[in-house]
Amino acid sequence: MIGVRLCQNFGRVLRICSVMKLCNLPVVILHEILDHVSTPIDLSNLTLTSKWLQNLAAPRLYRRLEFTISSTTQTRKFCECLLMQDRRQDWRHWTQSMHVSDEVREGSGRRRSPIWSGLAGVLDGLAGWGLDEFEWDSRDVPPRIIVESLLNLRSLRSLKLEMPLHSQNHFFLEKLAVAHAAHLRSMHIWGIQNDGQMGRVGRTVGFAGELKDLSLCLAADCDWKDDEDEDEEYSSSEAGGEREVESEVRKKWMTLPAGVHNTLSSIELNGLFNLRDSLHFFNPATLRRLELRQCTGYNSLLRALSSHPDIRNMEEVVLGSWENCDIARVSKFIYSCPKLKILLLSLSSYALTNELMRSIIPAVETSKATLEVLLLDFRQIKIDNSARDNNNSSNNSARDNNNSSNNTYLDKTLYQNPRWLSSIKTFPRIHELGVSIDLADLAALPEISTILPPDIRVLDLRFPRQTMERDRALRTAQIQSLVDASPDNSRLKLVILGDGDDYDVCTSYEVFRDAEAGGSGGAAVVAPANGPRGSMVAGCDHKLYRLRGDCFFI
């Protein structure tokens, strides 16, 4: 393979002596090479080597335009370059999305920044061609000149933005939704801070005519009213079930708007959303993807969805929470969805037992023919009545502090017995598998090969702290023994090992085969993955990481 970074370091050499050789390669191979050129700088240098390469690389370079408000000079020059008269035809018909971000997260209020006219000019240049996606990643309200240019765009299909820190003018949301109602299909809004903004979001969603994909995320600094000194009282609603919060505590949870239409096929909610009183928000007849993280009221919602016949068409379910969940109810819901392709479960429960964990496996087996990604991660919530939290700042391990009883809530990961997972090896389509598994030590790691499905590509394993081997060389050798024990036709490419109780203790290992590893006869070699933090490298490529580590927190 031709080194893809030659375009950056040896541009002149490519222009003089390599262009003719590249011309002789099939276009399919050239596009495969370009797939590995990820940075705009590399693509830009590649377009400068020749007009012929420019025709191949330029569409990728201008497909997504990136602008940073904080880098005023660089952004202004980029806009001026795009707006040069002799370059307009080079990018407008290739551009599909535009992303504007701000590195100053606290909101800088640059109302008269010299880059606004340049950004507006770029948007105006796209007005006649159309733009599929616009993303505004800043806590400042978009200036009027930008909003007016967005209103003139044609066929905007996806709108992604962060709610501004200050609420002087949030009407631009409704204006954009009304202007693009005929084409808008996807809306992602994060950083929602209070009930007022949630109401604004609800009206905006209502204006979008045929919305299919909706993602809402609350801000970490959500502005709750009168919640600093409230006592949290829980009452059990059913045996082993959810502990309902009292009305005064429920005020701390955001209620979903009622004015949404029933066309949503994908819903993602991340934050303190109260799902108990928001069943109107979900339409099982159209729902195909459900992702809920850190919400409350899971049991009520899953009970209602399980009884609907159209829930059988669900394809993706992602449930992640540190709150108490009824695992039996979750199991029944999964059993009602026999066509799942992606199932990621990372849940806590007061009444979690080994039997309840095992009950999930038969439910998962109903999707045996379709399941492609599976994550099973469960924690048991324990209450330490003897703990006295006299100094809240020094007790970082407590989940929640009840001022009246001084209880301390702790999460303990429960680990699956390998025998419980034996049926997973018969799942024909699973290519990503993640489990918290019980092993005496990593020397027994080859036993995992007996539960691996035939098409496995990514394996994410979490163990108790005492199981994890701290010596990296020995750990690599143990993973090598796992790969060697796998079938000869195994497609395993990535193995991730971690501490089930500390997601930061995690490392990734790549599996190289044949020519990639310099081996022969299908030999596989294991090596630590390149990157600063192990699984962070893998986290960019596989879906299992979406419920791992910091993804639990807003």
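Could you list, in sequence order, all residues of the stretch 460-504 that are acidic (Asp, Glu) and open to solvent by 10 Å² or more (accessible area, probe 1.4 Å)?
Glu469, Asp471, Asp484, Asp488, Asp501, Asp502, Asp504, listed by residue number.
Residues that are open to solvent by 80 Å² or more (accessible area, probe 1.4 Å), modelled with pLDDT of 85 or more and in a helix (DSSP H, G or I): does the stretch 505-520 have at least one?
no
Which of the residues belonging to the stretch 415-459 are in a strand (DSSP E or B) and either open to solvent by 30 Å² or more (accessible area, probe 1.4 Å) or acidic (Asp, Glu) (or both)?
Within the stretch 415-459, Glu432 is the sole residue that qualifies.
Per-residue answers, yes or no, for (1) of a type in the set (Gly, Ala, Ser); (2) within 23 Å of the chain's Cα centre (by Cα); (3) surrounded by fewer than 18 Cβ atoms within 10 Å (Cβ to Cβ); (4) not in a strand (DSSP E or B):
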| site | (1), (2), (3), (4) |
| --- | --- |
| Ala258 | yes, no, yes, yes |
| Trp322 | no, yes, no, no |
| Arg329 | no, no, no, yes |
| Ile334 | no, yes, no, yes |
| Lys339 | no, yes, yes, yes |
| Lys368 | no, no, yes, yes |
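Among Asn354, Asn390, which is the only one that is at pLDDT below 90, out of contact with any helix residue (DSSP H, G or I) (no Cβ under 9 Å at 6 or more places or on another chain) and among the polar types (S, T, N, Q)? Full working, then the answer.
Numbers: Asn354 fails: out of contact with any helix residue (DSSP H, G or I) (no Cβ under 9 Å at 6 or more places or on another chain).
Exactly one of Asn354, Asn390 is at pLDDT below 90, out of contact with any helix residue (DSSP H, G or I) (no Cβ under 9 Å at 6 or more places or on another chain) and among the polar types (S, T, N, Q), namely Asn390.
Just the residues that are hydrophobic (A, V, I, L, M, F, W, C) and closer than 16 Å to Cys217 by Cβ, please, taken from the stretch 156-195.
If the condition is that a residue be hydrophobic (A, V, I, L, M, F, W, C) and closer than 16 Å to Cys217 by Cβ, then Leu159, Leu161, Met163, Leu165, Leu173, Met187, Ile189, Trp190, Ile192 are the ones that fit.
Of everything in the stretch 261-290 that's of a type in the set (Lys, Arg) and modelled with pLDDT of 90 or more, which residue is least open to solvent (accessible area, probe 1.4 Å)?
Among those residues, the one meeting the criterion is Arg289.
Return a yes/no flag: does the stretch 294-313 have any residue that is buried (at least 20 other Cβ atoms within 10 Å of the Cβ) and under 23 Å from Leu433 (Cα atoms).
no
Picking from Glu148, Glu135, which residue would you name as being open to solvent by 20 Å² or more (accessible area, probe 1.4 Å), out of contact with any helix residue (DSSP H, G or I) (no Cβ under 7 Å at 6 or more places or on another chain), within 24 Å of Glu80 (Cβ to Cβ) and in a helix (DSSP H, G or I)?
Of the residues listed, the single one that is open to solvent by 20 Å² or more (accessible area, probe 1.4 Å), out of contact with any helix residue (DSSP H, G or I) (no Cβ under 7 Å at 6 or more places or on another chain), within 24 Å of Glu80 (Cβ to Cβ) and in a helix (DSSP H, G or I) is Glu148.
Within the set of pairs 6+ apart or on separate chains, which have a first residue in the stretch 188-215 that is in contact (Cβ under 8 Å) with a residue 12 or more places away in the chain, a second that is part of a helix (DSSP H, G or I) and among the β-branched types (Val, Ile, Thr), and C-beta atoms under 6 Å apart?
Note: pairs meeting the criteria are Ile189/Val201; Phe207/Val178.
Report the residue count in the stretch 166-187 for those that are open to solvent by 40 Å² or more (accessible area, probe 1.4 Å) and touching a strand residue (DSSP E or B) at 6+ places or on another chain (Cβ under 8 Å).
Here the count works out to 1.
When you go through (1) at pLDDT below 85; (2) touching a Pro at 6+ places or on another chain (Cβ under 9 Å); (3) of a type outside the set (Lys, Arg) one by one for Leu474, which number turns out not to apply?
Every listed condition holds for Leu474 apart from (2).
The values are calculated or read from the model by the stated rules, or taken from the named source; none is laboratory data. What you see is a predicted model; the values in this text were computed from it and never measured. All Cβ positions, even for glycine, are placed from backbone atoms using ideal geometry, and neighbour counts span all protein chains on display. Surface accessibility is based on the protein's heavy atoms, side chains included, excluding ligands, DNA and RNA. Shrake-Rupley method; radii C 1.70, N 1.55, O 1.52, S 1.80 Å.
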